[in-house]
């Protein structure tokens, strides 16, 4: 069975070798036909401590590492500092 891969934003990197990633999914409501946003937080293992708060990352499902950690970090898609700089440049 293939392992799931999700993309989200790092909201916490305070734990040792653990990051918390918020993944947002969008779907159309079956009755009201409006786009609904739902988010969930996943604990992921970050062996090299490379992810920082605000980074957009990809995580992959794995065997349970601890009580809450069943995901590992695959790659950093973008860094949070670059995203923040682009947003500040767009506001000017």
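The values are calculated or read from the model by the stated rules, or taken from the named source; none is laboratory data. Given the structure is predicted, the values throughout are model-derived calculations rather than measurements. Virtual Cβ from ideal backbone geometry, glycine too; neighbours counted across all protein chains shown.
Taken over the stretch 42-84, residues that are farther than 16 Å from residue 9 by Cα and either at pLDDT below 95 or out of contact with any strand residue (DSSP E or B) (no Cβ under 7 Å at 6 or more places or on another chain) (or both) amount to 5. Applying the set (1) under 11 Å from the mean Cα position of the chain (by Cα); (2) more than 25 Å from residue 1 (Cα to Cα) to residue 50 leaves exactly one unmet item: (1). Tell me which residues, restricted to the stretch 13-38, are in contact with a strand residue (DSSP E or B) (Cβ under 7 Å, 6 or more places away or on another chain) and within 14 Å of residue 71 (Cβ to Cβ). Listed by number, the residues that qualify are 17, 18, 19, 20, 21, 22, 23.
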